[in-house]
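Quick one: the structure is below, and I'll ask about it shortly.
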Amino acid sequence: MRTRGKVTADQKKEIRDLYATGNWRMLDLALKFGISVAYVGIITKKPEQETLRDALDKLTKRVAALEADVA
């Protein structure tokens, strides 16, 4: 069994890909890669939704670009 958390970027991608198939449980992946179930959960977690502030910043930049095109 590997030391906890010692997985490469390629292995993380493989974990995400396998989990996305729906054929692998987090426990199965934890055993396969020698990591904790909690760590598999961290790896497979969906990215956080963009915050309202991020959305507003993007919109502000877009409006500024459009105003520059009009001017």
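Just so it is clear, none of the values below were taken in a lab; they were calculated from the coordinates. Just so we're clear, the structure is a prediction, and the values are computed from it rather than from any experiment. Neighbour counts are summed over all protein chains in view; Cβ atoms, including those assigned to glycine, are modelled from backbone coordinates with ideal geometry.
Rounding to the nearest 10 and keeping the result within 0 to 90°, find how far the Cα-based axis of helix 52-70 lies from the longest principal axis of the chain.
Helix 52-70 sits roughly 40 degrees off the main axis of the chain.
If you don't mind, another one. Under 27 Å between alpha carbons: how many lysine pairs meet that in the chain, if sequence neighbours fewer than 8 apart on the same chain are excluded?
14
To continue, here is another question. Within the set of other residues whose C-beta is less than 14 Å from the C-beta of THR21, count the net charge using Lys and Arg as +1 and Asp and Glu as -1.
Counting the neighbours of THR21, the net charge comes to +1.
Please give the peptides 60-71, 31-42, 14-25 ranked by average Cβ packing (other Cβ atoms within 10 Å per residue), highest first, as a rough proxy for protection.
Those peptides, ordered most packed to least, come out 31-42, 14-25, 60-71.
With charges only on Cβ, +1 for K and R and -1 for D and E, what is the dipole size of the chain about its Cα centre, in debye, rounded to 20?
480
Further question: Would you indicate which of (1) 3, 14, 21, 13, 7, 7, 9, 8, 7, 6, 3, 1, 0; (2) 3, 13, 15, 13, 12, 9, 8, 10, 8, 4, 3, 2, 0, 0; (3) 3, 16, 30, 28, 15, 6, 1, 0 is the value of P(r) over Cα pairs in 5 Å bins from 0, in percent derived from the coordinates of this structure?
This structure yields the entry labelled (1).
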